[in-house]
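Scroll down for the structure; my scribbles are underneath it.
The values are calculated or read from the model by the stated rules, or taken from the named source; none is laboratory data. Everything quoted here is computed from the prediction, not taken from an experiment. When we count neighbours, we look across all protein chains shown, and the Cβ atoms used for this are built from the backbone with ideal geometry, even at glycine. Only protein heavy atoms, including side chains, enter the accessible area calculation; ligands, DNA and RNA are left aside. Shrake-Rupley method; radii C 1.70, N 1.55, O 1.52, S 1.80 Å.
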There are 6 protein chains.
Amino acid sequence: MVYLTRRERFNAAHKLWVDEWSEEQNFELFGKCSNKNWHGHNYELFVTVKGTPDPVTGFIVDVKKLGKLIKTAIVDRVDHCNLNLDVPFIPKGMQPTTENLVILFWEELAPLLEDCELHCIRLHETENISAEYYGE
Amino acid sequence: MVYLTRRERFNAAHKLWVDEWSEEQNFELFGKCSNKNWHGHNYELFVTVKGTPDPVTGFIVDVKKLGKLIKTAIVDRVDHCNLNLDVPFIPKGMQPTTENLVILFWEELAPLLEDCELHCIRLHETENISAEYYGE
Amino acid sequence: MVYLTRRERFNAAHKLWVDEWSEEQNFELFGKCSNKNWHGHNYELFVTVKGTPDPVTGFIVDVKKLGKLIKTAIVDRVDHCNLNLDVPFIPKGMQPTTENLVILFWEELAPLLEDCELHCIRLHETENISAEYYGE
Amino acid sequence: MVYLTRRERFNAAHKLWVDEWSEEQNFELFGKCSNKNWHGHNYELFVTVKGTPDPVTGFIVDVKKLGKLIKTAIVDRVDHCNLNLDVPFIPKGMQPTTENLVILFWEELAPLLEDCELHCIRLHETENISAEYYGE
Amino acid sequence: MVYLTRRERFNAAHKLWVDEWSEEQNFELFGKCSNKNWHGHNYELFVTVKGTPDPVTGFIVDVKKLGKLIKTAIVDRVDHCNLNLDVPFIPKGMQPTTENLVILFWEELAPLLEDCELHCIRLHETENISAEYYGE
Amino acid sequence: MVYLTRRERFNAAHKLWVDEWSEEQNFELFGKCSNKNWHGHNYELFVTVKGTPDPVTGFIVDVKKLGKLIKTAIVDRVDHCNLNLDVPFIPKGMQPTTENLVILFWEELAPLLEDCELHCIRLHETENISAEYYGE
């Protein structure tokens, strides 16, 4: 079993905000992340798949195909978007935290992989914060 | 003459959008950067000052003081903000491009430096794009 | 189960030196790391916790709180310190190798986490050397 | 159990090419990687071993000895080489993909480790693509 | 005057080899870089242009257009190529050193820039070696 | 004129401390950097030389020779050392700040270069702080 990781990047705006809370309550928990006018990030996305290298091609997956799948399933739908407003697969009212995003990205990508198995979605929000999800 | 550089970071939302243009015109020039719901970046800011090291302290500037000045003059006013809406020193209607930001940041910071001279403002918007300004 | 990682940094001096050994024996095993006048590193510390995102906040942990805990438990006690002399939780005579430090850091931090579980302590001593510990 | 990782680097040329296929077939699957005149990469190799820190030295392995072993077993035999032509332990006709290389590197290095156990071979071909192998 | 830098990347094979010299002479000066079967690198290319931000668009240049020009003039002609054999604008027999490449890249790109002026070509061959050229 | 940059790295301990001042005065200016038991850094050193590429070799300097010169003149004399105590060319009592070090390194290296001219010494103390010196 070999694990192959491909990095993709996207830029997006978001805020952390619970509608049922007051501005003060939102600020108390989320701090500056609750700014009603949004802030944003350069996200780095690492997708890891696993499988056995094909004896002829040496591939566990065609990494260019994998890149296209990641773009179709995730990057093209979040890049230069507002994660609270623009992305159909992020439920309205769900906080677009790094933790929630890795789960949502898994659910979009996993069903599309045919030749190999999804192993991990890792997402870096800043150089200091990242989250990982292994499907359960 | 020695040059000292300090890095700071901030996260912000913005869009590129000319009010006088139609949505199509904006999209034609600015592409996805014109998304009306904003996108955002992790900005890396490099401030370079120049001077002669003090014979006793070895400093051309107290780098902690410099860091505080950069925070007061720039970072605290843009971090987790919307660059089109929230920042008093960015004129309304001016595009918050990396090119414009380095000039605006220079104008905010330069007058506050006392012991050394500002040499360069460099700003990275992504790992692939950065701008520099030397004051003229 | 989602894994969240937060990076912190600190700078410290240390040396590798066994008191019971001669200078030659120490140099033979530890090389330049045995210099009696110390050397030092910029350490990068990655703390990974695991848990389930809260359905309202999207957090497995408040990452700002986590940052403060890491600072209180570890970073503030080792930053700009001498790891052989200044740190109460590093036993005298224990080598401050990257391998030992990840275990000691785990023991300081794990009992303080309330809302989530510590998963991994990773410490980079240089860009070429790092160690990880998973609690057993 | 502590995990220690050491990074080494090497530069090499290669191409992806199945002799039994036509130039068109090779280009269809491998794209520009099938260029008959080769291309190349700066590879980053991360070797992770596991063990218990020695109570006296604090080492799970002497990291300088580990570095020398990695150089002898792998780096000196692939650095500034052509991975399709110059490396005895890469079978002729096997594609030098990142996936295949991590398995081959494991097989060269694992038998040479005496004081600790090999845990993982990770190889980065570009900043966007890497592979990992855990020995099975 | 503002300076804008765009990074592009490419992977290529090359060797350093003077035809008029013996294999020993080539090895004496170029070391492993003279391997007759080639080696290769992940190159990082930084192109810096200068100009005044447009008062309406905030651009000194449309960075997407600039990216396309760099791709057309340089990256598409060297990516996944052999720098000694495949690139028409590298004279046969000229060593494809980082120093020579920055000059050649300047000569290809400078005439194509219309709205702004080329300021610097910087090329990283490895994380330890880079070259810069300012047009004279 | 082409500029060639080579990176080297070293690890060292130091403190910032003026003997004529009290502990309180030292702490007031230097903060944690005045810890009497030292702290340390992973330093990154970038040496830039300038010259014209040789028409036969494509070199402005043999980069391996340059690397050896940098090691002999600087790196081997500061690596795994205490910058306040162990380095003959750092005057006793002079603060080993990044600003002072770039000047001292210039003075050690410049006289040894024969085939090319020293252009810049850049030294990174942390990922956030660096200094540059151009010889005057």
Taking every residue of D:49-60, the Cβ atoms of other protein chains inside 10 Å of its Cβ average out to 5
Label geometry 7 Å along the beta-carbon vector: C:Leu112 inter-copy distances in nm
3.1, 4.2, 4.2, 4.4, 5.4
For helix A:98-109, what angle does its Cα long axis make with the longest principal axis of chain A, in degrees from 0 to 90 and rounded to 10?
40 degrees
Treating the point 7 Å from Cα along Cα-beta-carbon as the label, what are the nm separations from E:Asn37 to the other copies, to one decimal?
2.0, 4.8, 5.4, 5.4, 6.1
Would you calculate, for chain A, the mean residue ellipticity at 222 nm contributed by helices, counting each DSSP H stretch of 4 or more residues as -39,500 (n - 2.57) and dividing by all residues, to the nearest 500?
-6000 deg cm²/dmol
Global form of the protein assembly as shown, assessed from the alpha-carbon gyration tensor, a/c cut-off 1.5
rounded
Lys and Arg at +1, Asp and Glu at -1: add these up for the other residues within a Cβ distance under 14 Å of B:His80 and post the number.
+2
Pull out a ≥ b ≥ c, the square roots of the eigenvalues of the alpha-carbon gyration tensor of region F:60-112, then state rounded if a/c is under 1.5, prolate if not and a/b is larger than b/c, and oblate in the remaining case.
prolate
Mean Cβ-within-10 Å packing, highest first, puts peptides E:43-56, D:3-16, B:14-27 in the order D:3-16, E:43-56, B:14-27
Sparse-neighbour loop sites [chymotrypsin sites (Phe, Trp or Tyr not before Pro); region A:100-136; at most 16 other C-beta within 10 Å; DSSP]
A:Tyr134
So what does C:Met1 come to for accessible area, using a 1.4 Å probe and Å² rounded to 10?
90 Å²
Compute for chains F and B the buried accessible surface, both sides summed, probe 1.4 Å, and express it in Å² to the nearest 100.
1600 Å²
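For peptide F:3-15, what's the mean number of Cβ atoms from other chains within 10 Å of each residue's Cβ?
Values: counts 9, 8, 8, 4, 6, 1, 4, 2, 9, 7, 12, 4, 4.
Whole-number average of other-chain Cβ neighbours for F:3-15 is 6.
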Just checking the output field for B:75-82: average partner chain Cβ neighbours within 10 Å of each residue's Cβ?
4
Which of F:Glu114, A:Glu107 is most accessible, then next, and so on - probe 1.4 Å
F:Glu114, A:Glu107
In nm, what does the list of distances from D:Phe89 to its counterparts in the other copies look like, shortest first, when each label sits 7 Å along Cα to Cβ?
4.0, 4.0, 4.0, 4.1, 5.7
Rounded accessible area of F:Lys36 (nearest 10 Å², 1.4 Å probe):
120 Å²
Vicinal HN-Hα couplings computed from phi for region D:130-136 (Karplus, 6.51 cos²θ - 1.76 cosθ + 1.60; Hz; Gly/Pro x)
8, 9, 9, 9, 10, x, 6
Long-range amide H partners of A:Asn42 with built H, under 5 Å:
B:Asn42
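How much area per residue is accessible in the protein assembly as shown when the probe is 1.4 Å and only protein heavy atoms are counted (Å²)?
I get 42 Å² per residue for this part.
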For chain E, size of Cβ-based charge dipole, Lys and Arg +1, Asp and Glu -1, in debye
480 debye
Relative contact order, percent, chain F [alpha-carbon distance under 8 Å, six or more residues apart]:
30 percent
Looking along the axis that carries chain C onto chain F, the residue of C whose Cβ comes nearest, with distance in whole Å, is C:Gly40, 0
